[in-house]
Amino acid sequence: MGHVDGGASTWGLYIQTRGITRFINNTGNKMVITSVGDEERGENYTQDGSVDLRGRPALRSKGGRWTACSFIVGYEVFERMAFYGISANLVVYLTTRLHEGTVTSSRNVTNWVGTVWLMPILGAYVSDAHLGRYWTFLASSAIYLSGMCLLTLVVSLPSLRPPSCPGSSQGCDPRASKFQIGIFYTALYVLAVGTGGTKPNISTMGADQFDDFDPAERAQKLSFFNWWMFSIFFGTLFANAFLVYIQDNVGWTIGYGLPTVGLMISLLVFLAGTPFYRHKLPSGSPFAKIARVLVACSRKWWVPVPSNPKELHEELEVCPTAGKYRIDRTPYLSFLDKAAVKNGPSTRWTLCSVTEVEETKQMIRMLPILVATFIPSTMLAQVNTLFVKQGITMERSMGPHFKIPPASLAAFITLSMLICVVIYDRFFVRTIRRYTKNPRGISLLQRMGVGLILHIIIMVVASVTERKRLQIAHENGIFDSRKGITPLSIFALLPQFILMGMADAFLEVGKLEFFYDQAPESMKSLGTSYSTSSLGIGNFLSSFLLTVVASATGRGGHKSWILDNLNESHLDYYYAFFAVLNVFNFLFFLVVNRNYVYRKEVFASAEMELQEEDCRKIDS
């Protein structure tokens, strides 16, 4: 017998007797009982505990796999077009329309982007503890869409946006009022709240469409995250190459209206796939589980841990078909085992199961890897801020009537990433796994390590390029970037953009797959939120470093490294500083990588052997 807990009003129960599995599912006040024979359960039903939208065991032939993922991937193309249609050129809007300076506009962009990437922690909690991924996603999408609509209105209605003051308009004040600034940022942060429930759940829901207990589906799942990132950057490419040009040359109303329409289309695409989706029932708050283990451990810190693991408390006796996974004790972070020691009163906050302890261990063990991704996430924050600011000061003309929008160079990140992902998935993995015997070709952490090395190279290249730009500007007597264009083509920035795309193909894809793969089964959404939260913290760290460096280097009568006039600034020094940070971060990564043991290697054999033995006992 196995129990799947989804909160106060949602639960599922598998009862297996005499070769028959009966699944009892309660959602609200409705109970569904389904009988599934062993042969049917093995051939026609998924074995990972997934269900359909009505809570019944998922039929393998009626959904899931790439059929369902095609709708999810299709959604992501349009959603990323919408998100990057706003974020890619936001620093230009803040500079040209709200008249914010270099430090202020860059800080406001990274603070907003940081909020966008941190909100998924809240979305993961709501999903895992209460609503499930599908309903959390839909509710958040409504908030997301309302934020996009409000933002489009703000840049469209004359009463909500600052005047443009064309020509020599008399008595025209181009500065935005406090109300106009407030409504603009309100729209941005409503949008950010909406993304909190979509970003951690849509990718996790996509991975849920593959049953780990079916060898063919498990093999397909290995490629899912590569093609997931492919879809993300395909939408990003459209935003950077097309929407940015529309915003700079046609108008912000159409430039923001198109991504809003794109988001509406993405929701329709997602809803069209509803009959094909497999779902996982909510398994309870991951934060509550972790808190209970930590509290129970602290209350029994003086209690010795028995040498025999069988003396520890374990309440989970269930076959894998129930979607619950019993995990055997591991020797890592052994002080947490005190939470499972049978000593004193047995309450939820004084006694935890070994499985709960091991789930907590795994989430804690991933934290050093998470920390190692903060610095490269800070590098990504430069793409839509300082890299764009550099581009504004450079020669952008292509013919007499066309100027390249500075933010559109991010399209080369996308192109580079797309090419690298295809080569990696179609050729590199197939070749290298013959030698490594690893289905992924190289390990997830090795893949991330390659990305970290590329980030060092990126910042060195960026520093050298900026030094060359400053040299040419000064040689031509252009000492104020706001009053003259440096006679250096904007394409001089291409190497750092192309390298950033290559780094994303290794680090960002590997990071997303790592945190999903290594998270316990009941905490997949939280694991995915680790990946997004690293981007959020990286953006906030970028804001902090920008403010601190600009202030610290401007003391004692010295010119700051970062000024509104980039030709008097020293972004070359700032990028060199980032290169050094990346070197130290890579050394830290090598240490934590060496001490990390993959979840599959720790749990797989013992866990599956134990569960198969339990199943045989139940059948007999």
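Here are the numbers for this structure:
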item	result
Trypsin sites (Lys or Arg not before Pro) restricted to DSSP loop in the stretch 251-321 with at most 14 other C-beta within 10 Å	none
Relative contact order (percent, whole number), the stretch 121-238, Cα cutoff 8 Å, 6+ residue spacing	33
Listed residue pairs exceeding 21 Å between alpha carbons, taken from Lys300/Lys361; Lys280/Lys361; Lys62/Lys199; Lys199/Lys437; Lys310/Lys342	Lys280/Lys361; Lys62/Lys199; Lys199/Lys437
Where Ser307, Ser266 fall by accessible area, highest first, once all protein chains stay in place (1.4 Å)	Ser307, Ser266
For His99, solvent-accessible area (1.4 Å; no DNA, RNA or ligand), Å²	100
Global form of the stretch 362-478, assessed from the alpha-carbon gyration tensor, a/c cut-off 1.5	prolate
Whether the stretch 162-314 is rounded, prolate or oblate, judged on the alpha carbon gyration tensor where a/c under 1.5 counts as rounded	oblate
Principal-axis tilt of helix 444-475 within the chain, Cα atoms, nearest 10 degrees	10
Accessible area of the stretch 355-437 divided out per residue, in Å², using a probe of 1.4 angstrom	38
Percent accessible area from carbon and sulfur atoms, the stretch 367-417, protein chains only, probe 1.4 Å	71
Degrees separating the helix 599-619 axis from the principal Cα axis of the chain, which is the longest one	30
Cleavage-rule hits (chymotrypsin sites (Phe, Trp or Tyr not before Pro)) in the stretch 179-266: DSSP loop, at most 15 neighbouring Cβ within 10 angstrom	Phe213
Rounded accessible area per residue of the stretch 441-573, 1.4 Å, Å²	34
Principal-axis tilt of helix 286-299 within the chain, Cα atoms, nearest 10 degrees	70
Positive-end residue, the stretch 330-423 charge dipole about Cα centroid, Cβ charges, pick of Gly391, Ala411, Thr350	Gly391
Surface share of carbon and sulfur [accessible, 1.4 angstrom probe, percent] for the stretch 485-548	82
Among Val460, Gln220, Pro259 the positive-end extreme of the charge dipole of the chain (Cβ point charges)	Val460
Charge dipole magnitude, Cβ of K and R +1, D and E -1 - the chain, Cα centre, debye nearest 20	620
Cα gyration tensor, the stretch 428-548 - rounded (a/c under 1.5), prolate or oblate	oblate
Within the accessible area of the stretch 423-481 (1.4 Å probe), percent carbon and sulfur	61
222 nm mean residue ellipticity, helices alone, for the chain (DSSP H n ≥ 4; -39,500 (n - 2.57); rounded to 500)	-20000 deg cm²/dmol
Rounded Å value of the spacing that divides the Cα centres of the stretch 213-240 and the stretch 247-266	26
Probe 1.4 Å, all protein chains present, accessible-area order of Val357, Val548, Val126, largest first	Val548, Val126, Val357
Per residue solvent-accessible surface (Å²) - the stretch 167-298, probe of 1.4 Å	37
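The values are calculated or read from the model by the stated rules, or taken from the named source; none is laboratory data. All figures in this text were calculated on a predicted structure; none of them were measured in a lab. Cβ atoms come from the backbone with ideal geometry, glycine included; neighbour counts cover every protein chain shown. The accessibility values were calculated without ligands, DNA or RNA, using every heavy atom of the protein model including side chains. Shrake-Rupley method; radii C 1.70, N 1.55, O 1.52, S 1.80 Å.
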